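To keep things clear, I will list the structure first and then write my remarks on it.
The values are calculated or read from the model by the stated rules, or taken from the named source; none is laboratory data. Just so you know, these numbers come straight off a predicted model, no measurement behind them. Here the Cβ positions follow ideal geometry from the backbone for every residue, glycine too, while neighbour counts run over all protein chains shown.
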Amino acid sequence: MDTREDDETARCDWCGIAVPDDGWVGLEVQRPVDVPGREDGWVDYAGGFFCSQEHAALWLAKPLPPPEPPTVLKEERVDWILLATTAVALVAAGLACVGLWTIVQWVVR
Ligand SMILES: [Zn+2]
């Protein structure tokens, strides 16, 4: 048996059997999560793929898994990258203006 094909085969999140490409049921649950220090909170997603509507209903009837921790630090890192990129772009634009002004002065003289 080809194990690579097994890795790519979707499996029911309730019973674990292989789910055919044309016979699966997808379920997604969104729920708000309070995050200390964030007024807008966080939305957590949970869900899975199932072999039948019955197994999706059995999964949904159980308590949902605990929400994944919010990636607040990741967003802060993106903010710093955006700020640094903007600063570099402004410095480059300023140097280009100085260079253009120097060329204009050199041509005029
Ligand atoms: Zn199933």
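Within region 13-20, at least one residue is within 16 Å of the ligand (Cβ to nearest atom), over 27 Å from the mean Cα position of the chain (by Cα) and modelled with pLDDT of 85 or more.
One line per residue, one yes/no per condition, for (1) surrounded by fewer than 11 Cβ atoms within 10 Å (Cβ to Cβ); (2) over 21 Å from GLU8 (Cα atoms); (3) within 13 Å of the ligand (Cβ to nearest atom); (4) aromatic (Phe, Trp, Tyr):
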{"residue": "TRP24", "(1), (2), (3), (4)": "no, no, yes, yes"}
{"residue": "PRO32", "(1), (2), (3), (4)": "no, yes, no, no"}
{"residue": "GLY37", "(1), (2), (3), (4)": "yes, yes, no, no"}
{"residue": "ALA46", "(1), (2), (3), (4)": "no, no, no, no"}
{"residue": "LEU58", "(1), (2), (3), (4)": "no, yes, yes, no"}
{"residue": "ALA61", "(1), (2), (3), (4)": "yes, yes, no, no"}
